[in-house]
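All remarks here apply to the structure that follows.
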Amino acid sequence: MTSQIWRLIYMHAKYKSAIVGWICGFIVATIIFFDSFNHVKTTLLELLNSNTAMASATIFYAFLTYILVSETTKMRQAQTEPEISITIQPSEEWINFIDIVIENVGLGSARNIRFEVISDFECEKGKFVSNIGYIKNGLDYFAPKQKLIFFLTSMVENFEEKITKRLEIKVIYQDKTNKSYDHIFKIDFSQLEGLIQSGNPPLYMIAEEIKKIKEDIHLISTGKRIEVVAYTKNEIEEEKKEQKKLLERLKKKPLE
């Protein structure tokens with residue numbers, strides 16, 4: 001009887017120890033699992049953060065490269081693009097003479113230049129801008145910075161009527177890659193109203209001086225006398241003395 005009681009106590013204790021061991025093992029396994037999970041989680045987050053930074057940097061550099069390539073392309077195009085302009089300006093010979101200026105202000109050559117006069121302008125009686133050779137026939141080639149200047153009209157004749165007119169021209173041309181361009185230029189002659197010229201133009205003054213030289217040479221060649229004002233040495237000395245005396249008197253004269 002006693003041995004059976006001890007056997008029951010032993011079996012109960014063994015079973016209870018197994019349960020306690022199992023519970024402790026479960027707790028330890030749970031701790032190890034969660035610790036490993038946190039480590040894996042931390043590792044994954046670090047990896048994701050690292051990949052995100054690399055991806056962001058890659059996108060930024062790709063965008064920056066695109067901008068640089070785009071700007072370089074635009075600069076290269078600007079260096080090869082033509083640009084035709086049409087303006088008017090007073091002539092160097094006389095301010096009332098008006099010139100028309102056709103210029104390629106671009107850095108590339110222009111080809112197959114054609115002009116369409118939308119609103120014509122009468123330069124002289126019966127002569128219009130559309131009748132001018134360059135405007136009517138166009139140009140096959142226009143080099144960079146090339147400029148054409150030719151007489152358009154005189155504002156001395158019918159000034160009040162001309163300043164109310166507008167000249168409108170459309171220019172169409174191509175670059176070396178056959179890319180087409182077109183611009184419309186509206187030229188208002190009222191901008192010339194009130195222009196004043198200070199002094200004589202340089203070319204006019206040169207022409208006048210050449211005319212005088214020509215007349216003097218003509219007098220010499222034909223034997224005619226040229227009016228000459230001459231001073232002797234004594235007269236020059238006397239004039240210097242008079243100027244010196246006058247200067248001394250001015251210095252001695254008290255200020256009022």
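Among 192, 64, 107, what is the fewest-to-most ranking by other Cβ atoms within 10 Å? Before the final figure, lay out each step's value.
Working: 192 17, 64 10, 107 13.
Exposure proxy ranking, most exposed first: 64, 107, 192.
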Applying 1/(1 + (r/R0)^6) with R0 = 35 Å to the Cβ-Cβ distance of residue 151 and residue 72, what FRET efficiency is obtained, to the nearest 0.05?
0.20
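Once Rh is set to the Kirkwood radius over Cα pairs, what Stokes-Einstein translational diffusion coefficient, in µm²/s, holds for segment 84-192 at a temperature of 4 °C and a viscosity of 1.567 mPa s?
Working: Rh = 14.5 Å.
It diffuses with D of about 89 µm²/s by this estimate.
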What does the charge count around residue 235 come to, taking other residues whose C-beta lies under 14 Å from its C-beta (Lys +1, Arg +1, Asp -1, Glu -1)?
-1
I want the local charge near residue 185. Using Cβ-Cβ distances under 13 Å, sum +1 for each Lys or Arg and -1 for each Asp or Glu among the other residues.
-3
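Would you tally the net charge around residue 158, using a Cβ to Cβ cut-off of less than 12 Å, leaving residue 158 out, and scoring K and R as +1, D and E as -1? Mind showing how you got there, number by number?
Numbers: positive: 125, 162, 165; negative: 122, 124, 157, 160, 161.
With Lys, Arg at +1 and Asp, Glu at -1, the neighbours total -2.
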Alpha-carbon centroids, segment 76-116 and segment 166-191: separation in whole Å
9 Å
Listed residue pairs exceeding 27 Å between alpha carbons, taken from 136/165; 136/162; 212/240; 162/211; 147/179; 145/176:
212/240; 162/211
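Computed from the coordinates by the stated procedures, all read-outs in this text should not be read as laboratory data. Computed from a prediction, not measured in an experiment: that's the story for all the values here. In this analysis, Cβ positions are derived from the backbone assuming ideal geometry, glycine residues included, and neighbour counts consider all displayed protein chains.
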